[in-house]
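The structure appears right after this line, and notes come after that.
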Amino acid sequence: PGWDCHGLPIEHQVEKKHGKTIPAAQFRRLCREYAEEQIERQKKDFIRLGVLGDWERPYRTMEFRTEADTIRALGRIRRRGYLVQGAKPVHWCLDCRSALAEAEVEYEDRNSPAIDVAFQVLDNKPLAKALRFTHIYEPVFAVIWTTTPWTLPANQAVAVHPDIDYVLVRHASMLFILARELAQKCFEAYEIKSAETVAEFKGADIEGLKLQHPFYGRVVPVVLGEHVTLDSGTGLVHTAPAHGIEDFVVGARYALPVDNPVDDDGRFVEKTPLVGGLSVWKGNDVVIKALKDHERLVRLASIRHS
């Protein structure tokens, strides 16, 4: 028999009793003591239930020999060439400052700001060439939808699905790129009554198109992603490789920067333009204001979701 003595449940129990400000060495000692107490209680229960085992010699992950054997095993894996160093976004708890497994994440319904944001096409010539036009004079905007405005400082691309049908639609001397299937619904939400479809094309046709970030000086590309769906939004997905696993996978394919401007406490690092030092939740309001100031906020609504 054996016990896994490492994990958040033990740490939470110790924090409840002793607080979060105790020195690290003392905290680890208290976690070991708590684990010892629980092991003895559980061992007695198992024996009383009639469970057979070598109860005098159980394995415990917190034993120094077990921890050393773990490192030795990792060393053998590395020497055989099976260890690959990398990084990817993970679930993170701002309160306990720790990564979370999927099974540790609890979901509840909450209200979030849902925004439609316009990314202006930097140069219309490549778009005109892709659509077989001689020229496009009006400003063109690729419109994304997101419920996490605070992730826009980390935006590095806009994703479209290669096989979805998109349209270039004219309204009031401007052109918008939207998924064909969602365009009518979008215009109703934007309270636009008349719009003219200028062109229809596949997402793959505009791969590599350069867009201007809505409030930074950054230029971001249009990339292709199989994760883009027509379930909601505009059919174009704001992509921040540091803030989502699907975004990360697409970003890796296109060698996009994995720029995470948020620290372990859920605050933007000080050097982050516009939102430095703010919590991500306060960052929402600042980002939305910046979008309004730059005339890139197409729509602001509230959505209740899980």
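The values are calculated or read from the model by the stated rules, or taken from the named source; none is laboratory data. Model, not experiment: these values are computed from the prediction. Cβ sites come from the backbone with ideal geometry, for glycine too, and all protein chains shown count toward neighbours. Quick note on the areas: whole protein, heavy atoms, side chains included, nothing else; ligands and nucleic acids left out. Shrake-Rupley method; radii C 1.70, N 1.55, O 1.52, S 1.80 Å.
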* With (1) touching a helix residue (DSSP H, G or I) at 6+ places or on another chain (Cβ under 6 Å); (2) part of a helix (DSSP H, G or I) as the list, and LEU178 as the residue in question, which single condition is left unmet? -> (2)
* So, of the residues in segment 27-71 that are out of contact with any helix residue (DSSP H, G or I) (no Cβ under 9 Å at 6 or more places or on another chain), of a type outside the set (Lys, Arg) and within 17 Å of LEU8 (Cα to Cα), which turns out to be surrounded by the most Cβ atoms within 10 Å (Cβ to Cβ)? -> ILE39
* When the residues of segment 237-251 are filtered to those that are outside any helix (DSSP H, G or I) and over 10 Å from the mean Cα position of the chain (by Cα), which remaining residue is surrounded by the fewest Cβ atoms within 10 Å (Cβ to Cβ)? -> VAL237
* List, please: which pairs have Cβ atoms under 7 Å, are six or more places apart or on different chains, and start with a residue in segment 21-43 that is closer than 14 Å to ARG60 by Cβ and end with one that is outside any helix (DSSP H, G or I) and not acidic (Asp, Glu)? -> ARG32/MET62; ALA35/CYS5; ALA35/MET62; ILE39/TRP3; ILE39/ARG60; LYS43/TRP55
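So which of ARG267, ARG299 is among the charged types (D, E, K, R), in contact with a strand residue (DSSP E or B) (Cβ under 6 Å, 6 or more places away or on another chain), open to solvent by 50 Å² or more (accessible area, probe 1.4 Å) and without any contact (Cβ under 8 Å) to a residue 24 or more places away in the chain?
On the way: ARG299 fails: without any contact (Cβ under 8 Å) to a residue 24 or more places away in the chain.
One residue alone meets the criteria, ARG267.
Here's the yes/no breakdown for (1) more than 28 Å from ARG296 (Cβ to Cβ); (2) in contact with a Pro (Cβ under 6 Å, 6 or more places away or on another chain):
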position	(1), (2)
LYS88	yes, no
GLU104	yes, no
ILE115	no, yes
LYS125	no, no
PHE133	no, no
THR146	no, no
TRP150	no, no
TYR166	no, no
VAL169	no, no
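So which of ALA73, ALA99 is modelled with pLDDT under 95 and outside any loop (DSSP other than H, G, I, E, B)? Break it down stepwise before answering.
Working: ALA73 fails: modelled with pLDDT under 95.
Selected residue: ALA99, the only one of ALA73, ALA99 that is modelled with pLDDT under 95 and outside any loop (DSSP other than H, G, I, E, B).
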* Structure fact -> If you go through GLY19, GLY75, GLY2, the only one that is at positive phi and out of contact with any Asp or Glu (no Cβ under 8 Å at 6 or more places or on another chain) is GLY19
* Test for LYS282: is it modelled with pLDDT of 95 or more, open to solvent by 80 Å² or more (accessible area, probe 1.4 Å), among the charged types (D, E, K, R) and within 19 Å of GLN212 (Cβ to Cβ) -> no
* Asked: Any chance segment 177-189 includes a residue that's open to solvent by less than 10 Å² (accessible area, probe 1.4 Å), in contact with a strand residue (DSSP E or B) (Cβ under 7 Å, 6 or more places away or on another chain) and under 30 Å from GLY276 (Cβ atoms)?
  -> no
* Counting only residues that are assigned to a strand (DSSP E or B) and open to solvent by 50 Å² or more (accessible area, probe 1.4 Å), how many does segment 107-143 have? -> 3
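For segment 147-169, does any single residue satisfy the condition of being free of Cβ contacts under 8 Å to residues at least 12 places away in the same chain and open to solvent by 10 Å² or more (accessible area, probe 1.4 Å)? Walk me through how you get there before you give the answer.
Looking only at segment 147-169, we keep the residues that are free of Cβ contacts under 8 Å to residues at least 12 places away in the same chain, and these are none.
There is no residue in segment 147-169 that is free of Cβ contacts under 8 Å to residues at least 12 places away in the same chain and open to solvent by 10 Å² or more (accessible area, probe 1.4 Å).
Can you tell which of THR229, THR197, THR272, THR234 is part of a loop (DSSP other than H, G, I, E, B), in contact (Cβ under 8 Å) with a residue 24 or more places away in the chain, among the β-branched types (Val, Ile, Thr) and surrounded by fewer than 17 Cβ atoms within 10 Å (Cβ to Cβ)?
Exactly one of THR229, THR197, THR272, THR234 is part of a loop (DSSP other than H, G, I, E, B), in contact (Cβ under 8 Å) with a residue 24 or more places away in the chain, among the β-branched types (Val, Ile, Thr) and surrounded by fewer than 17 Cβ atoms within 10 Å (Cβ to Cβ), namely THR229.
Quick one: in segment 1-26, of everything that is of a type in the set (Val, Ile, Thr) and farther than 29 Å from GLY50 by Cα, which residue is most open to solvent (accessible area, probe 1.4 Å)?
Among those that are of a type in the set (Val, Ile, Thr) and farther than 29 Å from GLY50 by Cα, it is THR21.
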